[in-house]
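Throughout, read-outs are computed from the coordinates displayed, never taken from laboratory work. All values derive from a computational prediction rather than experimental measurement. Cβ sites come from the backbone with ideal geometry, for glycine too, and all protein chains shown count toward neighbours.
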Ligand code: GMT
């Protein structure tokens with residue numbers, strides 16, 4: 001198949017630990033492996049951006065502070081850097097991950113460039129850009145404008161696509177391109193990691209998130225406190241944020257000997273392979289990349305049936321979904337998996353298969369390549 005000439009792609013995302021930045025970084029890595037040139041533009045090097053990878057470049061956005069500004073501005077310096085990188089490297093595409101302020105800055109960058117030298121703008125919606133900021137009257141109209149003016153818009157789940165049409169009344173097609181995950185080989189063995197965690201025969205229940213309120217760490221801990229028998233499990237939390245505010249609750253619930261926290265882990269594969277059950281009690285998720293990461297390691301998950309999660313997990317076949325906010329159901333589902341290793345195995349293998357078939361780089365990255373080529377060909 002003629003895959004066409006390699007493209008020059010600018011990617012802007014949040015560099016911090018969060019699903020959109022992780023997805024954007026992994027996409028950049030996969031595009032570079034496929035021969036494209038990838039330019040990351042952000043205020044910091046993204047957390048999981050590949051280093052020492054040929055054809056991957058990072059362009060920091062410099063932000064100066066001025067006494068006149070009560071609130072520092074990022075959008076304008078970002079747009080200037082986007083325009084500069086587009087011009088200097090002849091970018092074909094600016095791919096904005098998370099609409100605010102990345103898509104707006106990309107459009108402004110294009111407006112600063114001469115006609116004929118403007119890259120195409122693709123915006124990928126990740127979730128709260130629609131569900132939270134889209135509802136904010138101070139942001140909604142600007143997000144809607146950015147989506148209407150982008151050359152293409154994608155959403156990471158069919159649920160988010162529907163929600164964006166509903167919340168923002170965006171009168172244009174939005175393509176659904178699900179997230180993907182391509183695990184790296186773990187650096188240590190499962191036994192080594194479990195030894196580091198101080199786990200012997202206990203079932204490792206794993207939660208990974210940035211700990212924001214909608215991840216419902218309160219329900220996560222309450223569920224753990226009610227699991228019986230309590231000596232049968234350990235809860236491992238991979239925290240993409242500061243866990244200190246939850247330490248008091250861990251003690252209050254008598255969980256100090258059950259909960260193990262690791263912050264800002266980069267070799268997540270080490271811990272994913274050591275896990276037996278995933279637990280994700282979120283109030284809302286457009287996709288839940290952490291859930292997919294666990295599935296890739298044949299770890300069956302218990303999660304809430306919210307947002308795009310039912311597109312990732314088939315309840316009863318590749319994991320167990322329960323109603324949001326229902327601690328009884330969470331406890332019941334996790335206990336059923338703790339007690340039944342054979343069921344864990346069956347669900348886990350099916351989860352891995354579903355992840356490979358639907359959400360691997362091989363399945364998803366060509367969808368982005370095809371989209372880039374289509375918008376570039378549109379002139
Ligand atoms: O979930 C977060 O708080 C972070 C947020 C982000 O933008 O980094 O995650 C969103 O994008 C992820 C990657 O596409 C999705 O897996 C998450 O489900 C989504 N979060 C929400 O919809 C709340």
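Which translational diffusion coefficient, to the nearest whole µm²/s, is obtained for the chain from the Stokes-Einstein equation, given a Kirkwood hydrodynamic radius over C-alpha pairs, 25 °C and 0.890 mPa s? Kindly include the intermediate steps, with their values, before the conclusion.
On the way: Rh = 21.6 Å.
My calculation gives 113 µm²/s for D.
With a point put 7 Å past each Cα toward its Cβ, work out how far residue 257 is from residue 43 in nm, to one decimal.
Between residue 257 and residue 43, the label points sit 4.5 nm apart.
Run the numbers on the chain and let me know its relative contact order in percent, using alpha-carbon pairs under 8 Å that are six or more apart.
Normalised by residue count, the contact order of the chain is 13 percent.
List, largest first, the extents of the alpha carbons of the range 1-159 along their principal axes, each in whole Å.
48, 40, 34
Which shape class applies to the range 221-271: rounded if a/c is under 1.5, otherwise prolate when a/b exceeds b/c and oblate if not, where a ≥ b ≥ c are the square roots of the Cα gyration tensor eigenvalues?
Cα axes put the range 221-271 in the oblate bin.
Considering every pair of different Cα atoms, what Kirkwood radius, in Å, is found for the range 190-358?
Computed over the range 190-358, the radius equals 15.5 Å.
Using Cα pairs closer than 8 Å and at least 6 residues apart in sequence, work out the relative contact order for the range 121-246, in percent.
Details: 130 pairs, mean separation 25.3, N = 126.
Rounded, it is 20 percent for the range 121-246.
Please compute, over every Cα-Cα pair in the range 259-300, the percentage with a separation greater than 18 angstrom.
29
So what is the diffusion coefficient of the range 247-335 in µm² per second by Stokes-Einstein at 37 °C and 0.692 mPa s, using a Kirkwood Rh over Cα pairs?
235
So what is the 222 nm mean residue ellipticity for the chain from helices alone, if each DSSP H run of at least 4 adds -39500 (n - 2.57) and you divide by all residues, rounding to the nearest 500 deg cm²/dmol?
The helix-only estimate for the chain comes to -12500 deg cm²/dmol at 222 nm.
Over the range 71-134, what lengths in whole Å, largest first, do the semi-axes of the equivalent ellipsoid take, defined as the square roots of 5 times the eigenvalues of the alpha-carbon gyration tensor? Before the final figure, lay out the partial values.
On the way: eigenvalues 95, 37, 13 Å².
Over the Cα atoms of the range 71-134, the ellipsoid semi-axes are 22, 14, 8 Å.
For the range 1-95, compute Rg over Rh where Rg is the Cα radius of gyration and Rh is the Kirkwood radius from the inverse mean 1/r over Cα pairs.
Numbers: Rg = 14.4 Å, Rh = 14.0 Å.
The Rg/Rh ratio comes out at 1.02.
Peptides 120-133, 323-336: what's the order by average Cβ count within 10 Å, highest mean first?
So the peptides 120-133, 323-336, ranked by packing, come out 120-133, 323-336.
Taking 0.36 nm per intervening residue step and subtracting the Cα-Cα distance, what contour gain separates residue 212 from residue 65 on full extension?
Taking residue 212 through residue 65 to full extension adds about 50.1 nm, to one decimal.
Using Cα pairs under 8 angstrom and six or more residues apart, how large is the relative contact order of the range 190-358, in percent?
Computed value for the range 190-358: 23 percent relative contact order.
For the range 178-261, what is Rg from Cα atoms divided by 2.2 N^0.38 Å, rounded to two decimals?
Normalised Rg, Cα atoms only: 1.18.
Applying 1/(1 + (r/R0)^6) with R0 = 45 Å to the Cβ-Cβ distance of residue 336 and residue 76, what FRET efficiency is obtained, to the nearest 0.05? Walk me through the numbers on the way to the answer.
On the way: r = 53 Å, r/R0 = 1.19.
Rounded to the nearest 0.05, the efficiency is 0.25.
Can you tell me the Rg and the Dmax, both Å, for the Cα atoms in the range 314-379?
18.4, 59
Hey, what angle do you get for helix 361-377 against the long axis of the chain, alpha-carbon based, 0 to 90 degrees rounded to 10?
Roughly 20 degrees, rounded to the nearest 10.
Considering the convex hull of the alpha carbon atoms of the range 101-194, report its projected area averaged over all viewing directions, in nm², one decimal. Display every interim value, and only then the final one.
Numbers: hull surface 36.9 nm².
Taking the Cα atoms of the range 101-194, their convex hull projects to 9.2 nm² on average.
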